[in-house]
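Since the structure comes first, as structure tokens, the remarks are kept for the end.
No value in this document is a laboratory result; all are computed from the given coordinates. Just so you know, these numbers come straight off a predicted model, no measurement behind them. Here the Cβ is made from the backbone with ideal geometry for all residues, glycine too, and neighbour counts use every protein chain on show.
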Amino acid sequence: MTSSVIHDATKQPAGSIETKNTTCYMCACRCGIRVTLRDNEVRYIQGNPEHPLNKGVICAKGASGIMKQYSPARLTKPLKRKEGAMRGDSEFEEISWDEAFDIMEERLAHIRATDPKKFTLLTGRDQMQALTGMWSKNYGTPNYSAHGGLCSVNMAAGMIYSIGGSFWEFGGPDLERAKLLVMIGTAEDHHSNPLKMELSKFKRNGGRLISVNPVRSGYSAIADEWIPIKPGTDNALFLAITRELIETGLYDREFLKDYSNSGQLVNCDESSEHHGMFVRMDINDPEEGCFDHQNQMWWDRHTNKAVRTHTEGADPFLMGEFTMPDGTPVKPSFQLLKESVEEYTAEWAEDVTGIPADTIRRLAHEMGIVARDEKIELPIAWTDTWGREHQSVTGNPVAFHAMRGLAAHSNGFQTIRGLSVLMSILGTIDRPGGFRHKAPFPRPIPPCPKTPTGPEGVKPNTPLGGMPLGFPASPEDLFLDEKNGPVRLDKGFSWEFPLSAHGLMQNAITNAWRGDPYKIDTMLIFMANMAWNSSMNTTGVRDMLRDKDENGEYKIPFLIVADAFHSETVAFADLVLPDTTYLERHDTISMLDRPISEYDGPVDSVRIPVVPPKGECKPFQDVLIELGSRLKLPAFTNADGSRKFKNYPEFVTNFETEPGSGIGFLAGWRGKGGEKFMKGEPNPKQWEMYEKNNCVFQYHLPVSFQYMRNWNQGYLTWAQEHRLTRYDEPINIHIYSEILQKFRLAAQGKRPGRQPPDHLRARVEEHFNPLPFYSETLEGQLTDTQKYPLNALTQRPMAMYHSWDSQNAWLRQIHAHNYMHVHPSLGDKHGFKDGDWIYVESMHGKVRCLARFSEAVEPGTIWTWNAVGKAKGAWNLSDDANESQQGFLLNHLIAEELPKNECGDHISNSDPVTGQAAWYDVRVRVYKAEDDADHSLPQFESMKVLPGMSTRRKWLGYFSGKFDKKGSK
Amino acid sequence: MTQLALIIDLNVCVGCSACVTSCKEWNTSGPAGFMSDDNPYQKDPTGTFFNRVQTYEVGEFPKTETVHFPKSCLHCEEPPCVPVCPTGASYKRELDGIVLVDYDKCIGCKYCSWACPYGAREIDEHQKVMKKCTLCVDRIYDETLPEAERKPACVLACPTNARLFGDVHDADSEVSELIRDQGGYQLMPEWGTQPSNHYLPRRKNKITIHKDELVRVDNPLNKEQKEHHKPVDGSVLDDNSFI
């Protein structure tokens, strides 16, 4: 029956409409969005159809930006802890920005003039490392960490030290041409929307998706095959597959010989101080400033003697043993790889991983045969760095994607080395259908940034004598004091974690509290929930933040927290700086940090304000510019002492890495008239030009520069001309890592120069293996696994990002509390049912939470969504909100330090190579909770609502243009 | 006769819920709104949504399948929610087959939500009327929108393109072709509701390996043999032949 309609379902409500394009920031994907306002309130946020990254799509979070913008959890006024109030009690008074700046200026100027390292800047999942890193360098403190060490530095370092690039925004699988995709340890990821788009097309084109993961959720749901695996054992799988590929001859010899160091001869004389290093020719007139002299040696198959690497007409043996004219026994790298994987049979790997040996062999065969027999030949001519012209680009269409499931283990670096070697022997690096880099990658192995190497790099009133974070190439690049110990608070770039390219934020608070390696004065925490999900041992960390010394002073004297929302960490601040939301500010997604490049060329983007800041919120970037100017940091000060930049947008337009370098934060529309890109004079109209262009700048490389870029002379010259890199030399894949071997030789006492302290020699020697190897996780080795047999993990859900979204009324209707997902056999064994309260306990602590049975998890693993659980009252949620009463945080079970062991009493629970936080190493047991259990544990004192926050409504009826006038009590 | 509908491709849905909140944000400020939320920052938040995604598990470990399952009003050809409505607020358009609610006539009696076997109908607790997916009828005919955007918000948002929109009565439309080619199916056909929305099932891609693909003449291991061998010791035929 149809009706004569009164209500018109098609008529748009009246109101004045305005539309602006900007960039989303509900996660780190940075999709282009189009924001429609009606009567000055946000009416609709859609994906911008013209944006190259997401091409009009948008995810659940992006589409919920309205509820982030109008959340009652917003901080709107600078706050100071009240005189006499205890830290953590949320007793704050409003102050003006002037007063806030005066306080910070006085304190930071004093620190800078006396001992700059007493100031530490920790930034969480911001996208501003270009600014915050540069600021810290200018200030002169070595204690700058962004989130990477906490997150997935292993993924970056493991691959960068192997192939000169990595996943996410640095590179990824070419799903347009791949036929087989193996996705490992991946839940949601921050390059999420493009991956979703590509996965869909890949599957519809008949591509085969294999997911290796202890859990079958998210993407794994649409996998053609799910391979459950025990957490932390992935390298056993990779090494067994590598062994099978070598044994059957399914590796791409032609690719390896030219494009990797597989044929290069390694000194096998154990008594030599060059043991395990490449033998090299002496060269007359070594090129000055050359990155890779390419004077390693091959053993030529045709002439049966040693020749210089890449000699024209020569063809190296990849296997065998040889003797150099001077008697040195040598073997090609690939021979050493073959020998090192000999023990990693499929049967051995079955015991370790839980994956049947036949499946492991079959996977190897699928990968090898698809790579070899389904080759792609693109008619693209290109010239390699040895002057040879190629008429086509070959691709082996086997692609991979991996994320934190591999990285967040103490054996993650070597695991990712194992994956990199596997991807390389399949011949898939920067080729169609395989892995492709994204600008600014590929970069040299290792990339050039280096920290200072000694305490002289830190001086009062002086910028840091090096970059705050970097990529060491040898022990001489470590950042050590006179006692061979760390200069950094988090002990990064020391013998405990030599290649800690992203720092170790997870240990900063503990180290500062303990005064080990030293006490600090001020900690500035930006967009990092350190008193909650961005710490291990959360309860302990919260106590440390509140702990006082025998004089009644806080052990960490001063805490500044900059955030847009009422996170758990805000309660612990002495000074609160209210940040703007992403709709209220300028931002840069910069080539100097993590841009949004595509495979075919560099892309960067910006955010522009769409609505005015709420209350007195000030963009944190402007706070840094103001503070930097007041402190007269060189980057922000003219020669005559006057202030250089009014605000952040002006800074972005005019800043150059060095006067006249032409390199700034934004690559697009440089030059006086915006006619240059990558390198060019500041353009005063740069922001306008971005705004006119969907806030994005994209450059498409000529097709002949788009592939094989590690060895593509055209690309490398272009990259050098446009100042992406200093060198235009080939970036040969490190199957064998001579860099790691240098550290190993130092540990063995064979190498002159810096060596580790004796108590760390064994650890460095073992873990700086130049070839990937399998070892059990450190925490696993120190745990009584009879008592704590299970692995506990977290995953990121697709509808929430970190702890950012419980203040979002719509997203929290998708995830209001988290369960511990367990296999039903655990319920049978320990007497609990689906939905019961259980305790989950590790050797460090325990939580009480709700169990949810699942067949989609391997029985030795339990898992939960990360950061859904919240502390009572945080995020302006009511005390009885599900997030705190039923939700829980797994972090309470995880310690930031390993139990006492022979390496030390307080060694970070991290990867010994990179300092990557080993989140997923924890071992637990489960048991039924009390019958009358009705809420999760631990619980915390309720967080108070702070001045400047708005009241929670009892119900919402969001209708843009009427929201702030309408609504209920 | 036109029957507009959605196709949900379960082969590529990864359960991200983009469709859930993009629908919410579009419709709460439009003629179908507002869509209220109760306890937005308190215990047990609950609100009006036209589209929800549930995730199911099928089977037992290790052969478990995980299925992400979005569901919204299926715009049935024989919609049971229409005849039960006492005021005639619930109606199906002749023009395009979209089933709608006339909010001005609806008295919020909820009969339609009892009649719908798919749970597609919800009462908005604050507007006190029954609400459901409108197939973004306020977008699809809106000529102020670019043509490519005259689609439901959920269809535009979906990152995996798991949601497709079109006329299932037009045999040449993309959606009709997909239903034919991919075995698109209706939910609970036994109810006789003739839902217009269809679901596309999972399709698995396998690789078959032939044993002889592992043994090849061009095996790179062959190149690791030295090209010349040393002479052998001991007796050979050549030395000992009599002619």
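Rounded if a/c is under 1.5, else prolate if a/b is larger than b/c, else oblate: which is the range A:699-844, with a ≥ b ≥ c the root eigenvalues of its Cα gyration tensor?
Details: a/c = 3.16, a/b = 1.40, b/c = 2.27.
Because a/c hits 1.5 or more and a/b fails to exceed b/c, the range A:699-844 counts as oblate.
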Fill in the blank from the handout: Quotient of Cα radius of gyration and Kirkwood radius for the range B:1-160, i.e. Rg/Rh, equals 0.98
Handout entry: Cα-based Rg / Dmax (Å) for the range A:499-623
Key = 17.5, 60
Handout entry: Size of electric dipole in the range A:617-732: Cβ of Lys, Arg +1 and of Asp, Glu -1, about Cα centre, debye, nearest 20
Key = 220
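So how many Å³ per residue does the convex hull of the Cα atoms of the range B:1-55 work out to? Numbers along the way, then the final one.
On the way: hull volume 6.5 nm³, N = 55.
Measuring per residue, one finds 117 Å³ for the Cα hull of the range B:1-55.
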Exercise for the section: Report, to the nearest 10°, how far helix B:18-28 tilts away from the longest principal axis of the Cα atoms in chain B, using its own Cα long axis and a range of 0 to 90°. Expected result: 20
Problem - Two-site label geometry, B:Met1 and A:Ala113: point separation in nm, points 7 Å out along Cα→Cβ - result: 8.6
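In what sequence do A:Ser192, A:Ser806 fall when counting other Cβ within 10 Å, fewest first? All intermediate terms of the calculation are to be shown ahead of the outcome.
Numbers: A:Ser192 26, A:Ser806 30.
Ranking A:Ser192, A:Ser806 by Cβ neighbours within 10 Å, fewest first, gives A:Ser192, A:Ser806.
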Practice task
Report, in deg cm²/dmol and to the nearest 500, the calculated mean residue ellipticity at 222 nm for chain A, where each DSSP H run with n ≥ 4 adds -39500 (n - 2.57) and the sum is divided by the residue count.
Solution key: -6500 deg cm²/dmol
Problem - Furthest towards positive pole of dipole, A:Met678, A:His502, A:Thr248, structure part chain A, Cβ charges - result: A:Met678
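Please report, in debye to the nearest 20, how large the charge dipole of chain A is about its Cα centre when each Lys and Arg carries +1 at its beta carbon and each Asp and Glu carries -1 there. It would help to have the intermediate numbers written out before the result.
On the way: 109 positive and 125 negative charges, 564 e Å.
Here the size comes out at about 2720 debye.
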Fill in the blank from the handout: Rounded to the nearest 10, the angle in degrees between the Cα long axis of helix A:234-248 and the longest principal axis of the Cα atoms of chain A comes to 30
Exercise for the section: Please give every one of the aspartates and glutamates within straight-line cross-link reach of A:Lys872, meaning a C-alpha to C-alpha distance under 20 Å, and leave out same-chain neighbours fewer than 8 residues apart. Expected result: A:Asp89, A:Glu91, A:Asp543, A:Asp563, A:Glu568, A:Asp805, A:Asp880, A:Glu883, A:Asp934, A:Glu941, B:Asp38, B:Asp44
Fill in the blank from the handout: Excluding residues fewer than 8 positions from A:Lys676 in its own chain, the aspartates and glutamates with Cα under 14 Å of it are A:Glu721
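Taking the range A:644-751, which GluC sites (Glu not before Pro) meet the DSSP loop condition and have no more than 10 other C-beta atoms within 10 Å?
Details: sites: A:Glu650, A:Glu656, A:Glu675, A:Glu688, A:Glu691, A:Glu721, A:Glu738; in loops: A:Glu656, A:Glu675.
In loop regions of the range A:644-751 (DSSP not H, G, I, E or B), the sparsely surrounded GluC sites (Glu not before Pro) are A:Glu675.
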Fill in the blank from the handout: Long-range amide H partners of A:Ala60, meaning residues 5 or more apart or on another chain whose placed amide H is closer than 5 Å, are B:Ala18
Handout entry: Rounded tilt (10° steps) of A:758-767 against the dominant C-alpha axis of chain A
Key = 80
Handout entry: Loop GluC sites (Glu not before Pro), the range B:43-115, which have at most 15 other Cβ atoms in a 10 Å radius of their Cβ (DSSP)
Key = B:Glu60, B:Glu94
Completion exercise
Taking a ≥ b ≥ c as the square roots of the Cα gyration tensor eigenvalues, with a/c under 1.5 meaning rounded and otherwise prolate when a/b beats b/c or oblate if not, chain A comes out rounded
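Of all beta bridges DSSP finds with both residues in the protein assembly as shown, what is the antiparallel percent, to the nearest 5?
70
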Completion exercise
Taking a crude spin-label model, label points 7 Å out from Cα along the C-beta direction, the B:Val215 to A:Ala933 distance in nm is 5.8
Handout entry: Partner lysines for A:Lys954 [C-alpha distance under 16 Å; skip if fewer than 8 residues away on the same chain]
Key = A:Lys965, A:Lys966, A:Lys969, B:Lys43
Handout entry: Dipole of chain A, positive direction: furthest Cα of A:His892, A:Leu577, A:Leu592, with charges on the beta-carbon
Key = A:Leu577
Exercise for the section: State the answer as a single residue: which of A:His821, A:Tyr774, A:Thr861 lies farthest towards the positive end of the charge dipole of the range A:774-867, with beta carbon charges of +1 for Lys and Arg and -1 for Asp and Glu, about the Cα centre. Expected result: A:His821
Problem - Members of A:Lys179/B:Lys226; A:Lys787/B:Lys63; A:Lys614/A:Lys692 lying beyond 31 Å, as alpha-carbon distances in this model show - result: A:Lys179/B:Lys226
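If you rank A:Thr19, B:Thr21, A:Thr383, A:Thr353 by fewest surrounding Cβ atoms within 10 Å, what's the result?
A:Thr19, A:Thr383, A:Thr353, B:Thr21
Work out the mean other chain Cβ neighbour count within 10 Å for the residues of A:248-254 and drop it here as an integer. Kindly include the intermediate steps, with their values, before the conclusion.
Numbers: counts 6, 10, 6, 2, 1, 7, 2.
Mean inter-chain Cβ contacts per residue within 10 Å come to 5.
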Completion exercise
The pairs in A:Lys331/B:Lys211; A:Lys331/A:Lys450; A:Lys118/A:Lys491; A:Lys203/A:Lys375 lying past 21 Å Cα-Cα in this model are A:Lys331/B:Lys211; A:Lys331/A:Lys450
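Restricting to bridges with both residues inside chain B, how much of the DSSP beta-bridge set is antiparallel, in percent to the nearest 5?
Values: 21 of 24 bridges.
DSSP beta bridges in chain B are roughly 90 percent antiparallel.
What size of dipole, in debye to the nearest 20, comes out for the range A:479-538 about its Cα centre when the only charges are +1 on Lys and Arg C-beta atoms and -1 on Asp and Glu C-beta atoms? Intermediate results must be reported in sequence, preceding the final value.
Details: 5 positive and 6 negative charges, 17 e Å.
That gives a dipole near 80 debye.
Beyond 22 Å, what share of the Cα-Cα pairs of the range A:273-374 is found? Please give it as a whole percent. Mind showing how you got there, number by number?
Values: 2669 of 5151 pairs.
Summing the P(r) of the range A:273-374 above 22 Å gives 52 percent of all pairs.
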Completion exercise
From the Cα centre of the range B:212-227 to that of the range A:733-749, the distance in Å is 31
Fill in the blank from the handout: Going through A:Lys519/A:Lys870; A:Lys201/B:Lys24; A:Lys20/A:Lys77; A:Lys20/B:Lys71; B:Lys71/B:Lys110; A:Lys137/A:Lys646 one by one, the pairs whose alpha carbons sit over 22 Å apart turn out to be A:Lys519/A:Lys870; A:Lys201/B:Lys24; A:Lys20/A:Lys77; A:Lys20/B:Lys71
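Once a ≥ b ≥ c are taken as the square roots of the eigenvalues of the Cα gyration tensor of the range A:581-677, is the result rounded (a/c under 1.5), prolate (a/b larger than b/c) or oblate (a/b not larger than b/c)?
Values: a/c = 2.14, a/b = 1.13, b/c = 1.90.
Judged from the Cα gyration tensor, the range A:581-677 comes out oblate (a/c at least 1.5, b/c at or above a/b).
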